[in-house]
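Read the structure below first, then the notes.
Only the coordinates and a few stated rules stand behind these numbers; no lab work does. None of the values given here were measured: they were computed from a predicted structure. Virtual Cβ from ideal backbone geometry, glycine too; neighbours counted across all protein chains shown.
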Amino acid sequence: MSHCSWKLLPPVEVLNGKDSQSSYPPLLIQLLHNRGVTRPEDIPSFLASDRSLMGDPLLFPDMEKAVARVYRALLKGETIGIYGDFDADGITATALLVQGLSLLQGKAIPYIPHRQTEGHGLTTSALKRLHEDGASLVITVDCGVTDVTEVKKAMNAGQDIIITDHHNPPEKIPEALAIINPKLNNSRYPYTNLAGVGVAFKLLQGLFRSLGKEEQIDIVTDLVAIGTIADMSPPLGENRFLIKEGLKNMNANPRPGIRELINQTRLEAGNIDADRIAWVIAPCLNAAGRLADGLTGYNLLMTDSDKEAQELAVWLARKNEERQRLTTTTLARAREQVIAMGLPPLLITADREYPMGIAGLVAGRLTEEFYRPAIVIQTAETVCHGSCRSIPEFDIIAALNEFSSYFTRFGGHAAAAGFTMPTKDLPQMERELSALAAEKLAGVELRPHLNIDAEVKLNELGGETYPTTQMLAPFGHGNPVPTFVSRGVEVVDRRTMGNGNEHLRMKLRQGGSVWDCVAFRLGNHQGEFASRIDVVYNLEIDNWGGKKNLRLNVLDFKRSG
């Protein structure tokens, strides 16, 4: 039996003759169709990922009002507070607005809350502090759309608030001077999947366009790419252009902090792609906010000093190693707890010892392994903090909304959310939320599933197959790396590798073609092999010893027949 449920997506009929799709390879048409690009006229812009994917910033309802207020602040020399968040999306968005406004000789000061002591979102004490520092205007990035009370107090005290956010707005939204959010009910903006940094970029674009200086903001697209990838926003629509443009910028001329981070993490300068940001650069930036202070990540992005860049990059790389160790030990503990409960439809694990900064990572790993929504909660005497991750069949923020009376604050979206609540109410909230999950997930097969793009034989994979798949890059959630299945494949060789033999190396043969393969986290399924197997995989380049070889990255297998 396979470890995931496999879903082979239906083959597309490619028309011949006059159909404009016929100039593209059939495999490419299939891959595009599987990603929702079904109209022939949408194919060129998807593949080119050029400026034609950019939306008009004026389609945001409050954009003109926001641009006018920022322009007034620039003319009068007002101090503008940029209120961010402690994750990579919030840090890059903060840096983007501070750098963008300074290009216009504006005076902008950053504020990044501390995860442990302040949490996500606006606090009245922080807004007061910004007011005392002279910030008569505050622009929020990656937060603010749920902070009704805090915004009201600030506005009443004479401090103007512009919110830029991408989180789901609640029914009652704050009475800010302007709200820039593509998910607002009255928004006509065509791309709702922008990350927080993407929404901040649109405000900057609106401002610079009104001044006839739009070409100057290309300098900050590297920040948009990092934040968008870190936030796992789908690389579809406008995000495709922003990521591609940002990667080009970063590879041609990296800012000092990113250049040092590339050195410290032994990445290859000039060869940074979405994968390397997702797995190396973003986790280092996130480590600052998870274990210490997000301001360190911000300082790395903003410094012009090579010496400071090096010191900060060394510190962040070390913090990330510490974060990896903590994640491993915390995950082992959380895993034991949920297995002991018999893996109910909703996994909830709570402990005093769970570090708040990595609860979301652990919840994500539990969801990935067991295909269930997961909540990891750090408990204390009076207050506890929860991080939630979910599956497509269970909208976690909608579920939290049903029990909003329990939370002192909460927010997020369908796949990821967080909350703070009194510890005394936790047992009752757990019971009610678990009952809701059991009801909603009744009849759902709670097993990870793999969508498969096409069935092929291993001897058909040479030539143009890999270059064709790469035409769809950048990849990410919503535009996954193309996945194939081959059936009745002969196992020529196999052996375990890695710490604890958790991974596999294999050689597979079919139709006279032999392929090197790697299978991560499948080492403990050694006993399930047969002489012939069905195998699901991606194609990838293996950089080893200075050589580049194409190999199969095996995602799952089962005995043939």
Any residue on another chain or 5+ positions along whose placed amide H is under 5 Å from the amide H of Leu522 is listed here as Leu504
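For the chain, what does the convex hull of the Cα positions come to per residue, in cubic angstrom? Could you put the intermediate results ahead of the total?
Values: hull volume 93.7 nm³, N = 561.
Spread over its residues, the Cα hull of the chain gives 167 Å³ apiece.
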Can you tell me which lysines have their Cα less than 30 Å from the Cα of Lys507? Leave out same-chain residues fewer than eight positions away. Lys7, Lys457, Lys547, Lys548, Lys558
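Using the per-residue mean of other Cβ atoms lying within 10 Å as a proxy for protection, in what order, highest first, do the peptides 498-506, 187-195 fall? Don't skip to the end; give the middle numbers.
Details: 498-506: 14.7, 187-195: 19.1.
With the highest mean Cβ count within 10 Å placed first, the list reads 187-195, 498-506.
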For a test of the definition: using alpha carbon positions, the gyration tensor, and the 1.5 limit on a/c, classify segment 341-440 as rounded, prolate or oblate. rounded
I need the peptides 38-45, 158-165 ranked by packing, meaning the mean over residues of other C-beta atoms within 10 angstrom, with the highest value on top. 158-165, 38-45
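How big is the convex hull of the Cα atoms of segment 260-380, per residue, in Å³?
Details: hull volume 13.1 nm³, N = 121.
So the per-residue hull volume is 108 Å³.
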Need the C-alpha centroid separation for segment 362-410 versus segment 83-100, integer Å. 25 Å
Antiparallel DSSP beta bridges within the chain, as percent of all bridges there, nearest 5: 60 percent
Peptide ranges 270-277, 196-203 listed from the most packed, as the mean C-beta count within 10 angstrom indicates: 196-203, 270-277
Taking the Cα-to-Cβ direction at Thr149 and at Glu353 and moving 7 Å from each Cα, how far apart do the two end points lie in nm? 3.4 nm
Most positive-pole-ward Cα, Ile533, Leu555, Gly476, against dipole of segment 445-561 from beta carbon charges: Ile533
Given the -39500 (n - 2.57) contribution per DSSP H run of 4+ residues, what per-residue ellipticity at 222 nm results for the chain, rounded to the nearest 500 deg cm²/dmol? -11500 deg cm²/dmol
Using only the Cα atoms of segment 422-561, what do you get for the radius of gyration and for Dmax, in Å? 19.6, 65
Explain nothing, just compute: Karplus ³J(HN,Hα) = 6.51 cos²θ - 1.76 cosθ + 1.60, θ = phi - 60°, for every residue of segment 247-261 in order, whole Hz, x for Gly and Pro. 5, 4, 4, 5, 6, 6, 8, x, 5, x, x, 5, 4, 5, 5
Select from Ala93, Leu331, Asn156 the residue farthest towards the positive end of the dipole of the chain; place +1 on Cβ of Lys and Arg, -1 on Cβ of Asp and Glu, and compute about the Cα centre. Leu331
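Given axes a ≥ b ≥ c from the Cα gyration tensor, I'd like to know whether segment 53-252 is rounded (a/c under 1.5), prolate (a/b larger than b/c) or oblate.
Working: a/c = 1.42, a/b = 1.29, b/c = 1.10.
Rounded.
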Simple spin-label estimate for Lys107/Glu308, 7 Å along Cα→Cβ, in nm, reads 1.9 nm
If R₀ is 30 angstrom, what is the calculated FRET efficiency for the pair Thr496 and Asn251, using the beta carbon separation as r and rounding to 0.05? 0.25
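Ranked by Cβ crowding within 10 angstrom, fewest neighbours first, how are Leu103, Leu75 ordered?
Working: Leu103 14, Leu75 9.
Arranged by neighbour count, lowest to highest, Leu103, Leu75 become Leu75, Leu103.
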